[in-house]
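Values quoted throughout were computed directly from the atomic coordinates according to the rules given, and no laboratory measurement underlies them. Please read these numbers as outputs of a predicted model, since none were measured by experiment. Backbone-built Cβ (ideal geometry, glycine too); neighbour counts: all protein chains shown.
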Amino acid sequence: MRYQISGKQIDIGEALQTHVKTELGSVVAKYAERPTDAHVIFSRSASEYACEAIVHLSTGLTTQAKAKSHEIYAAFDSCCDKMEKQLRRYKRRLKDHHRERAEPVELMGASSYILASTQEDQESEPDTLQPIIVAEMETKIPSLSVGEAVMQMELAGAPVLVFRNEGENGLNVVYRRDDGNIGWINP
C-alpha cells in the first residue's frame, strides 16, 4: 500500500510517519484485502490537531475518517479507530451480501460546480438569474448497486452521493434524510 503522509503548515517527523504506517497498515490489512493507497493529512487549528485519513480500496470504494485532539498522536489514534469501525462495517456488509465485487467500480467523468451563496436579503430580487460559479472541477461518478452506494456514502461521510445504478444504468442519488434514514432517488 502506498502512503502519502503530509502536514498543513506543520512538520511531520519520521516517528509519526512510522507510527501512521504501522497502525493504519495493521487496521487496513485486517479488514481490506487489497488497499491501494492511503492519504493522511495532519493540520492544526488553535490548540487542536486534526487528522484526516482517506484510504482507497481495490474495489473502487473510498473510506474516510477525521478526528481532532490536543495531541497529534491522539488525533491520529482516534482517526484510526474511526477508520477501523468503518472498515469493520464494510466487511460485515460484504459478508451479509454473500457477494464480492469481482471487478473494480467503473467510473464516469462529470463536471462539478461550486456556486456562490448570496448573503443578500432573501426578499429582494437578484440582479440576474445566472449563478456565480466559484469553482469548477472534474469528478467521477461510480457505477454501483444501491447497497454499495449507501455504503460508499457512509464510508466517505458524505450527506449525498450521485451514482450510476448498475441494475438500470441510470443516474441515481442516495442521501441522508433529516430523520436519520437514507433516501434514494431513482428517476
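If R0 is taken as 35 Å, the Cβ-Cβ distance between Lys85 and Asn169 corresponds to a FRET efficiency of 0.60. Distant-in-sequence amide contacts of Ser145, defined by a placed amide H-H separation under 5 Å and a gap of 5 or more residues or a different chain, comprise Glu166.
Here the spin labels are modelled as points 7 Å beyond Cα on the Cα-Cβ line, and at Ile12 and Glu136 they lie 3.3 nm apart.
Which order do Asp37, Asp77, Asp179 fall in if you start with the one that has the fewest other Cβ atoms within 10 Å? Please report the intermediate quantities before stating the final value.
Numbers: Asp37 12, Asp77 16, Asp179 6.
Going from least to most buried by this count: Asp179, Asp37, Asp77.
Once you order the gyration tensor axes a ≥ b ≥ c over the Cα atoms, which shape class does the range 2-97 get: rounded for a/c under 1.5, otherwise prolate or oblate by comparing a/b with b/c? Intermediate values should be presented prior to the final figure.
Values: a/c = 2.31, a/b = 1.84, b/c = 1.26.
Prolate is the answer for the range 2-97, as a/c is 1.5 or above and a/b outweighs b/c.
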